[in-house]
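Please read the structure below before turning to the comments.
The values are calculated or read from the model by the stated rules, or taken from the named source; none is laboratory data. What you see is a predicted model; the values in this text were computed from it and never measured. Here the Cβ positions follow ideal geometry from the backbone for every residue, glycine too, while neighbour counts run over all protein chains shown. With ligands, DNA and RNA removed, areas are computed over all heavy atoms of the protein, side chains included. Shrake-Rupley method; radii C 1.70, N 1.55, O 1.52, S 1.80 Å.
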Amino acid sequence: MSLVTYECDDHIATITLNRPEARNAINGAVRQELNAAWERFRDEEDAWVGILTATGDVFCAGGDLKDGEGSVGTFAGTFWEKPTINSFESGMELFKPTIAAVHGPCIGYGLTGILFCDFVIASHQATFSFPEVRLGLATIVGAIRLPERVRWADAMEILLTGKPMTAERAKEIGLVWRLVDADSLQAEAHAWARTLTEAAPLAQRATKEVAMRTANMGWIESVRFGETMRKVAAATEDVAEGIQAWRDKRRPQWRGR
């Protein structure tokens with residue numbers, strides 16, 4: 001059985017944590033499959049939008065302290081055997097649109113993962129926490145990323161208390177984008193993904209790359225980089241299709257090239 005499943009249909013790739021018997025906790029094997037799924041999504045030309053979700057009533061219980069064998073093998077061994085800088089949650093360069101569909105507790109590693117998604121859609125039963133400080137551990141990637149998404153004090157509320165935050169509170173601070181009933185979560189995520197596929201995929205990626213890279217640039221460098229990316233996007237076949245579709249008053253047929 002795959003610990004992480006990958007399905008792509010009509011340009012929408014769904015990546016699903018599939019270890020419900022362990023509350024979708026992340027051990028070395030899950031992390032390897034999850035990284036492979038994100039790499040597949042990044043490299044697959046037919047995949048334009050990605051959805052991260054999970055089976056069961058827990059989105060992710062965080063890192064697996066026991067790693068399935070009753071010992072603290074995950075943190076001492078396979079889980080940290082090499083840096084994760086190239087993994088999705090730790091900074092993989094990925095400019096395709098991404099959505100997180102969250103139901104139930106989203107803890108530690110799981111929360112770090114959804115922070116890299118562009119849109120977080122959650123059920124009312126979702127909760128969010130970084131419990132590391134209650135174990136005497138420091139939160140690292142989450143501490144880097146969370147203050148970029150919400151106000152400083154709201155980020156510190158999660159990071160420094162280790163307590164779960166309700167879905168309603170997460171929506172209030174801007175961590176959650178949309179809050180929906182549990183039975184409509186997947187439909188809502190896929191409906192939004194379909195809306196995203198109506199736009200030209202290469203233009204979307206160029207726009208997102210500008211937004212991400214210029215966050216750490218000065219104004220002049222940002223504009224120069226943006227104008228370069230404008231030329232890159234303008235050289236694609238989709239631009240000609242988009243203009244012709246506008247003239248014909250029809251929906252464009254994007255080809256992603």
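Conditions (1) basic (K, R); (2) modelled with pLDDT of 70 or more; (3) surrounded by fewer than 16 Cβ atoms within 10 Å (Cβ to Cβ), marked per residue:
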site: D57; (1), (2), (3): no, yes, yes
site: G62; (1), (2), (3): no, yes, no
site: K66; (1), (2), (3): yes, yes, yes
site: E69; (1), (2), (3): no, no, yes
site: T84; (1), (2), (3): no, no, no
site: A100; (1), (2), (3): no, yes, no
site: G108; (1), (2), (3): no, yes, no
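State which residue is farthest from Q186 (Cα to Cα) when the search covers only the range 102-145 and only residues that are in contact (Cβ under 8 Å) with a residue 40 or more places away in the chain and among the small types (G, A, S).
Per the stated criteria, the residue is G108.
Inside the range 17-36, can you point out the residues that are within 18 Å of the chain's Cα centre (by Cα) and within 17 Å of L111 (Cβ to Cβ)?
L17, N24, A25, I26, V30, R31, L34
Report, ordered by the first and then the second residue, all pairs with beta carbons closer than 6 Å, sequence separation of six or more or different chains, a first member in the range 6-20 that is within 14 Å of A189 (Cα to Cα), and a second member that is part of a strand (DSSP E or B).
From residues that are within 14 Å of A189 (Cα to Cα), the pairs are I12/V49; A13/G50; T14/E7; T14/I51; I15/Y6; I15/L52; T16/T5; T16/T53.
Restricting to the range 229-242, give me the number of residues that are free of Cβ contacts under 8 Å to residues at least 12 places away in the same chain and either farther than 16 Å from A203 by Cα or open to solvent by 80 Å² or more (accessible area, probe 1.4 Å) (or both). So that I can check it myself, show each step before the final result.
Just the residues of the range 229-242 that are free of Cβ contacts under 8 Å to residues at least 12 places away in the same chain, to begin with: 231, 234-235, 240.
Keeping just the survivors that are either farther than 16 Å from A203 by Cα or open to solvent by 80 Å² or more (accessible area, probe 1.4 Å) (or both) gives 231, 235.
Residues flagged as free of Cβ contacts under 8 Å to residues at least 12 places away in the same chain and either farther than 16 Å from A203 by Cα or open to solvent by 80 Å² or more (accessible area, probe 1.4 Å) (or both) within the range 229-242 amount to 2.
Might you check whether a residue that is open to solvent by less than 40 Å² (accessible area, probe 1.4 Å), more than 29 Å from I12 (Cα to Cα) and at pLDDT 95 or above occurs anywhere in the range 179-195?
no
In contact (Cβ under 8 Å) with a residue 12 or more places away in the chain and either among the aliphatic types (A, V, I, L, M) or surrounded by fewer than 19 Cβ atoms within 10 Å (Cβ to Cβ) (or both): does that describe L160?
On the way: in contact (Cβ under 8 Å) with a residue 12 or more places away in the chain: yes; either among the aliphatic types (A, V, I, L, M) or surrounded by fewer than 19 Cβ atoms within 10 Å (Cβ to Cβ) (or both): yes.
Answer is yes for this residue.
In this structure, is A215 of a type in the set (G, A, S) and either under 30 Å from T127 (Cα atoms) or open to solvent by less than 50 Å² (accessible area, probe 1.4 Å) (or both)?
Yes, satisfied.
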